[in-house]
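Heads up: the structure comes next, in structure tokens.
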Amino acid sequence: MEKLNILVVDDDAVIRQGLRRILEGRGYSVELFASGALAVERMTTQQFGLVITDLKMPGMSGIEVLKHIKTTQPEVPIIMITGYSTVDTAVEAMKNGAVDYIAKPFTPEEIAEKVQSALEQKVILLDDIYIRKELRDFKGFDRFIGASREMERVYRRILQVAPTDSTVLITGESGTGKELVAQAIHRNSARRDYPFVAVDCTSLVENLLESELFGHVKGSFTGAVQTKSGLFKIADNGTLFLDEVANISLTTQAKLLRVLQEREVTPIGGTQPVPINIRLVAATNRNLRDLVAEGKFRDDLFFRLNIIPIDLPPLRERSGDLRLLTAHFIKHFAEELGKEIKGIAPEALRMLENYHFPGNVRELENLIERAVVLTEEEFIQREDLELHPPGEERASPLDHIPHSHEELKLKKRQLRVRAVESLERAFLLEALNRNDWSVTRAAKEVGMLRPNFQALLKKQGISGREGPTS
């Protein structure tokens, strides 16, 4: 462990010297003070990674030391030592910002464990400070969280392409943030004051999609009770974002290609082409080159779309970004729900870091939202995540063997409920992942009515999406 400076303040010389032996024996640097006033004065000239202070001291009390430090150096974790081990003193210390407390007498192992845990929590809390700095640094990408090299390449590409009118093709797995990239391109372009129009190419059947894109004239088909402008026209002078463009039929692909070539659109049932001036951004989670080779996507349209490619990395390849995203989502949902949550427990964070996140950032966001709702602690705990990384199994059903017939019947009911809930959850997550987390599309694919599918989602605490996003 890197040598770290710890300040110890206690009016009892035996306790001070005992803490020095314990902590220096584990590689820490330690400074001792007999009074709170001297300790606070020392902190004006010296940086400390951790403070351990007694609660009851003559002169400045431990609570006063705690409040002073939290005002001047809020990032420094503080452990409170007390010989008055009551719930009231513990609650008071924690309410005022202590990360933990320990009662006298304590063993070397107990204090070492508390110090290690406090330092791990400090790293997680500092992530929140780091996030705010990152957000200030990336002012043009205010909806992005991430400082990895992989995302820096994406930011640079956005800045390069945004001032142009070149067509952009965004690729990446579901949940990586493709629509965020499209929006960032639009916000940083000369078209920023004009519409940004997004359309989910899989949400409508073929004839309705064409009507949405190109518009139609009154009476051109059953249900066309009035003339309607298409999204190409609505997006005039702005940006049109075609999400999941790989799912457009070959017939519509041909019409789309002509629009892009001629820069004009003819509404369904119309005879006069209408000129358009748009910037086109398309996105897909599928490999268009493979689809071209299979004859499922036109090669000429692919080349017209693939002028500027931007490939978004999955979350598992964005080294270091998971902590930033986790802290950001905790802060966001805690504020939204009015809950006092300071961060995430180290073992819970390690659990996230060991998970592969097939649903990427969107899955992480949903997971943290549910954890913030469920937790009753100041830090998100492992059990709040309801997540089991690959290779980590749930507790064995035989951990507790029943001792009576009644216990056996109860255990069997519990196991049946647990098995059904586990199956339901896997079923829902897989359906959402296959359908870019669209509730409507997932329900349709699995053959369920949308309200019934939503009811299952609510039961499992899973959030899908209602509109087109990436």
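Bear in mind that the values in this text are calculations on the coordinates, not laboratory data. Not measured: the values here are computed from a predicted model. Cβ placement follows ideal geometry from the backbone for every residue including glycine, while neighbour counts extend to all protein chains displayed.
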Peptide ranges 152-164, 331-343, 177-189, 368-380 listed from the most packed, as the mean C-beta count within 10 angstrom indicates: 177-189, 368-380, 152-164, 331-343
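Based only on other Cβ atoms within 10 Å, what is the fewest-to-most ordering of HIS405, HIS68?
Details: HIS405 8, HIS68 16.
With the fewest neighbours first, HIS405, HIS68 line up as HIS405, HIS68.
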Given LYS67/LYS331; LYS331/LYS458; LYS70/LYS331; LYS228/LYS459; LYS67/LYS114; LYS339/LYS458, the pairs whose alpha carbons are separated by over 28 Å: LYS228/LYS459
Principal axis dimensions, the stretch 255-363 - Cα atoms, whole angstrom, descending: 63, 36, 22
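How much FRET efficiency would the formula 1/(1 + (r/R0)^6) give for GLU377 and GLN46, where r is the Cβ-Cβ distance and R0 is 30 Å, rounded to 0.05? Let's see the in-between values first.
Details: r = 32 Å, r/R0 = 1.08.
The pair GLU377/GLN46 has a calculated efficiency of 0.40.
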Computed label-point distance, nm, for sites GLU31 and LYS56 using a 7 Å Cα→Cβ extension: 2.8 nm
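If the chain between THR107 and VAL446 were fully stretched, how many nm would it gain, using 0.36 nm times the residue separation less the Cα-Cα distance? Before the final figure, lay out the partial values.
On the way: separation 339, 0.36 × 339 = 122.04 nm, distance 5.74 nm.
The span from THR107 to VAL446 would gain 116.3 nm if fully extended.
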Overall form of the stretch 5-124 per C-alpha gyration tensor (a/c, 1.5; a/b vs b/c): rounded
For LYS56, distant residues with modelled amide H under 5 Å away: GLY62, GLY83
Surrounding net charge for SER189, when Lys and Arg each add one and Asp and Glu each subtract one, Cβ distance under 15 Å: +2
Estimated FRET transfer efficiency (GLU353, THR271; beta-carbon r; R0 60 Å; 0.05): 0.50
